[in-house]
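Novice: Take a look at this one; I'll ask things after.
The values are calculated or read from the model by the stated rules, or taken from the named source; none is laboratory data. These numbers were taken from a predicted model, which means no experiment stands behind them. So basically every Cβ, Gly included, is an ideal-geometry build from the backbone, and we count neighbours across all protein chains shown.
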Amino acid sequence: MLDVSGLSVRYGAVTALMDVSLSVKRGEIIAVVGSNGVGKTTLLRTLAGILRPASGTISFGSDDITRLKSHERVRRGLVLVPEGRRLFTDLTVDDNIRLGAFRRKPASATELRDDMERCYELFPDLKRRTKQLAGTLSGGQQQMVAVARGLMSKPSLLLLDEPSLGLAPLVIRQIFNTLVRLREELGLSIVLVEQDANAALNIADRGFVMQRARIVMTGTGKELRDDPLTREIYFGRAS
């Protein structure tokens with residue numbers, strides 16, 4: 001579904017990504033883990049078309065999308081749920097979720113209504129809060145809205161940046177269980193950048209470990225989770 005080859009990104013004289021290559025298959029959850037500042041968010045922002053690479057290619061399906069604008073990628077099914085949720089805090093839960101359909105291909109009112117109901121079925125806590133302002137929600141509820149908004153864009157590949165940031169373990173487990181459900185029920189492909197390496201690798205089919213703007217290890221989620229070298233790279237020690 002997605003092929004990234006030799007991707008490099010620079011901020012002025014600073015190299016944020018160096019020769020990164022990876023692939024994502026249909027219906028696969030990919031985890032990208034590593035310490036803060038190694039380039040994980042830069043990778044997702046480049047895949048989403050927010051940043052332009054200095055070199056390398058990004059192919060989505062059979063098409064080269066390296067130079068496509070971000071909204072064009074959304075219409076093709078490549079959707080980013082950004083770090084920090086980025087909700088419209090003075091709009092309701094319902095309005096925030098509905099805005100996810102803004103850039104998708106024209107849909108009937110019935111289809112949009114069914115998609116909204118699907119989002120509320122996935123996140124029942126939001127169903128009771130449809131008219132509540134997003135800014136008054138808890139952090140976990142806001143993250144649910146952000147994921148639901150992304151799903152309203154009808155993605156075939158969902159990019160998730162640090163969905164567990166600042167959340168309680170119970171909420172993290174709920175959100176991650178929903179990601180697995182989306183993969184199993186809809187065949188959705190997911191690229192998950194996550195600070196909680198164990199949680200991410202626990203649900204991932206495959207994982208990539210980043211260090212100093214490069215991918216330095218790859219393997220199945222279980223292989224990386226159980227590998228002492230992964231823990232040494234990620235945590236700075238073998239333990």
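Residues checked against (1) over 25 Å from Arg75 (Cα atoms); (2) outside any helix (DSSP H, G or I):
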| residue | (1), (2) |
| --- | --- |
| Leu159 | no, yes |
| Gln174 | yes, no |
| Gly219 | yes, yes |
| Lys222 | yes, no |
| Thr230 | yes, no |
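Novice: Of the conditions (1) more than 24 Å from Arg73 (Cα to Cα); (2) free of Cβ contacts under 8 Å to residues at least 40 places away in the same chain, Ala197 clears all except one; give me its number.
Specialist: (2)
Novice: With respect to Thr92, determine if the residue is at pLDDT 95 or above, surrounded by fewer than 20 Cβ atoms within 10 Å (Cβ to Cβ), closer than 30 Å to Gln141 by Cα and polar (S, T, N, Q).
Specialist: Values: at pLDDT 95 or above: yes; surrounded by fewer than 20 Cβ atoms within 10 Å (Cβ to Cβ): yes; closer than 30 Å to Gln141 by Cα: yes; polar (S, T, N, Q): yes.
Answer is yes for this residue.
Novice: Has the stretch 195-202 got any residue that is at pLDDT 95 or above and not in a helix (DSSP H, G or I)?
Specialist: For the stretch 195-202, residues at pLDDT 95 or above and not in a helix (DSSP H, G or I): absent.
Novice: Restricting to the stretch 128-178, give me the number of residues that are β-branched (Val, Ile, Thr), out of contact with any Gly (no Cβ under 6 Å at 6 or more places or on another chain) and within 21 Å of Val33 (Cα to Cα).
Specialist: Start the filter on the stretch 128-178 by keeping residues that are β-branched (Val, Ile, Thr), which leaves 130, 136, 145, 147, 171-172, 175, 178.
Narrowing the set further to residues that are out of contact with any Gly (no Cβ under 6 Å at 6 or more places or on another chain) leaves 130, 136, 145, 147, 172, 175, 178.
Pick out the ones that are also within 21 Å of Val33 (Cα to Cα) and you get 147, 172, 175, 178.
The number of residues fulfilling the criteria is 4.
Novice: Checking Glu83 against (1) over 18 Å from Met152 (Cβ atoms); (2) surrounded by fewer than 19 Cβ atoms within 10 Å (Cβ to Cβ); (3) more than 14 Å from the chain's Cα centre (by Cα), only one condition comes out false. Which one?
Specialist: (3)
Novice: With respect to Arg129, determine if the residue is of a type in the set (D, E, K, R) and buried (at least 17 other Cβ atoms within 10 Å of the Cβ).
Specialist: Values: of a type in the set (D, E, K, R): yes; buried (at least 17 other Cβ atoms within 10 Å of the Cβ): yes.
When the stated conditions are applied, Arg129 passes them.
Novice: Can you tell which of Leu165, Leu137, Leu170 is touching a residue at least 12 places away in the same chain (Cβ under 8 Å) and surrounded by fewer than 17 Cβ atoms within 10 Å (Cβ to Cβ)?
Specialist: Leu165
Novice: Here's another thing I want to ask about it. Just one of the numbered conditions (1) closer than 22 Å to Asp19 by Cβ; (2) free of Cβ contacts under 8 Å to residues at least 60 places away in the same chain is not true of Phe88; which one?
Specialist: Here Phe88 clears every test but (1).
Novice: Kindly check whether there is at least one residue in the stretch 63-76 that is surrounded by fewer than 15 Cβ atoms within 10 Å (Cβ to Cβ), within 17 Å of Ser189 (Cα to Cα) and touching a strand residue (DSSP E or B) at 6+ places or on another chain (Cβ under 9 Å).
Specialist: No; the residues of the stretch 63-76 include none that is surrounded by fewer than 15 Cβ atoms within 10 Å (Cβ to Cβ), within 17 Å of Ser189 (Cα to Cα) and touching a strand residue (DSSP E or B) at 6+ places or on another chain (Cβ under 9 Å).
Novice: Next question, about the same structure. Being free of Cβ contacts under 8 Å to residues at least 24 places away in the same chain and either aliphatic (A, V, I, L, M) or on the phi > 0 side of the Ramachandran plot (or both) narrows it down to one of Ala101, Ala109, Ala146, so name that one. Write out each step before concluding.
Specialist: Values: Ala101 fails: free of Cβ contacts under 8 Å to residues at least 24 places away in the same chain; Ala146 fails: free of Cβ contacts under 8 Å to residues at least 24 places away in the same chain.
The conditions single out Ala109.
Novice: What is the residue count in the stretch 1-39 for residues that are more than 15 Å from the chain's Cα centre (by Cα), of a type in the set (D, E, K, R) and either buried (at least 19 other Cβ atoms within 10 Å of the Cβ) or under 17 Å from Val209 (Cβ atoms) (or both)?
Specialist: Count: 1.
Novice: Right, something else. Consider only pairs whose beta carbons are under 9 Å apart and that are at least six residues apart or on different chains; among these, list those whose first residue lies in the stretch 25-52 and is modelled with pLDDT under 95 and whose second residue is among the small types (Gly, Ala, Ser) and in a helix (DSSP H, G or I).
Specialist: Pairs found: Val33/Ala197; Val33/Ala200; Gly34/Ala197.
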